[in-house]
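See below for the structure under consideration.
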């Protein structure tokens with residue numbers, strides 16, 4: 001089993017106390033394309049090799065939609081904890 005550093009960069013945008021979105025960066029790299037997962041709610045950024053770089057959460061969303069984007073079970077578990085601790089009420093239980 002290879003050891004992977006589970007590191008997330010987490011940014012939350014707030015304007016006048018209103019949630020403006022969040023970005024979860026899973027790995028460094030140049031965005032090659034962005035896939036719309038759920039219109040006006042959830043976007044996923046991929047590099048040229050098709051690896052998930054980050055997830056843009058624009059509005060309240062079911063946490064399972066976010067977690068399903070990540071292939072690695074260890075990262076899924078870690079992401080679930082990060083999302084629960086950081087976004088709380090904006091995500092429905094995963």
*Residues being surrounded by fewer than 18 Cβ atoms within 10 Å (Cβ to Cβ) and more than 20 Å from residue 31 (Cβ to Cβ) - total across the range 47-66*: 4
*Within the range 21-46, can you find the residues that are crowded, with 16+ Cβ neighbours inside 10 Å, at pLDDT 90 or above and not in a strand (DSSP E or B)?*
29
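The values are calculated or read from the model by the stated rules, or taken from the named source; none is laboratory data. For clarity, every value in this text was computed on a predicted model and none was experimentally measured. Neighbour counts run over all protein chains shown; Cβ positions are idealised from the backbone, glycine included.
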